[in-house]
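The values are calculated or read from the model by the stated rules, or taken from the named source; none is laboratory data. Keep in mind the model is a prediction, meaning the values are calculated, not measured. All Cβ positions, even for glycine, are placed from backbone atoms using ideal geometry, and neighbour counts span all protein chains on display.
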Amino acid sequence: MNDNELNTVDDLDKLEQQRRSTLSLFIYYFSSWQLGWIATKYFSTIMPIYLYYVFGIVLLLGTLGSIWHLTNIAKITKLIKKNPEFKKVINDERECSLKNKAMAYGFTASIATSAVFLAILALIEAFSYLDTVLITANLVAHVTLVVTILIAAIAYSIMEQQE
């Protein structure tokens, strides 16, 4: 899509469709990237080497996909900046409401994730059969951040498709 071609309703629809597909790809690439990162960083000592390499490949592909996704977001942002009338349509009251609701889902997910980790840690302390603790503060923070971002993005994507 050429920068000069964005001036009709059809072009706005194309831009919206591109934004939706970019969000879907973001969910896929971000989750792959983070799954690979979490698995290779926090669980490398307990997994077989072949599984470590599998997660390493997932990490690499997810990272490359996330970089590609960021370049697409930059292109879309550039197109929107060149066409301020599209910005008003894309960021209308409905979109702002959807974003706020998605953030509320993300916040709720972060609280729930923290509660699950607290429960797991309480069980580990109560029945401490493990000599080593796999759950670190870094792992809890990392997983909580990833879950928060993914739930917010997925909620936004679902709500946008429903309306």
Go over the candidates Trp68, Trp37 one by one and state the one that is closer than 30 Å to Gln162 by Cα and among the aromatic types (Phe, Trp, Tyr).
Trp68
In region 86-111, what residues are aliphatic (A, V, I, L, M) and touching a residue at least 12 places away in the same chain (Cβ under 8 Å)?
Val89, Ile90, Leu98, Ala102, Met103, Ala109
Determine which single condition Leu79 fails, assuming it passes every other condition in (1) out of contact with any Asp or Glu (no Cβ under 8 Å at 6 or more places or on another chain); (2) over 21 Å from His142 (Cα atoms).
(1)
Quick one: in region 78-114, of everything that is touching a helix residue (DSSP H, G or I) at 6+ places or on another chain (Cβ under 7 Å) and among the aliphatic types (A, V, I, L, M), which residue is farthest from Arg19 (Cα to Cα)?
Ala109
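Name the residue, out of Leu139, Leu121, Leu79, Leu134, that is hydrophobic (A, V, I, L, M, F, W, C) and without any contact (Cβ under 8 Å) to a residue 40 or more places away in the chain.
Details: Leu139 fails: without any contact (Cβ under 8 Å) to a residue 40 or more places away in the chain; Leu79 fails: without any contact (Cβ under 8 Å) to a residue 40 or more places away in the chain; Leu134 fails: without any contact (Cβ under 8 Å) to a residue 40 or more places away in the chain.
Of the residues listed, the single one that is hydrophobic (A, V, I, L, M, F, W, C) and without any contact (Cβ under 8 Å) to a residue 40 or more places away in the chain is Leu121.
For every residue, the table says whether it meets (1) modelled with pLDDT of 90 or more; (2) surrounded by 14 or more Cβ atoms within 10 Å (Cβ to Cβ).
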site	(1), (2)
Glu5	no, no
Lys14	no, yes
Arg19	no, yes
Ser31	yes, yes
Gly36	yes, yes
Thr45	no, no
Tyr52	yes, yes
Gly62	yes, yes
When you go through (1) assigned by TED's automatic domain parsing to the domain that holds Gln161; (2) modelled with pLDDT of 85 or more one by one for Ser24, which number turns out not to apply?
(1)
Residue list for region 108-163, filter: modelled with pLDDT under 90 and surrounded by 14 or more Cβ atoms within 10 Å (Cβ to Cβ):
Ile124, Ile135, Glu160
Checklist (1) assigned by TED's automatic domain parsing to the domain that holds Ile149; (2) outside any helix (DSSP H, G or I) applied to Ile46, failing item
(1)
Could you check region 53-110 and list, in sequence order, the residues that are farther than 17 Å from Gly36 by Cα and of a type in the set (Val, Ile, Thr)?
Thr71, Ile73, Ile76, Thr77, Ile80, Val89, Ile90, Thr108
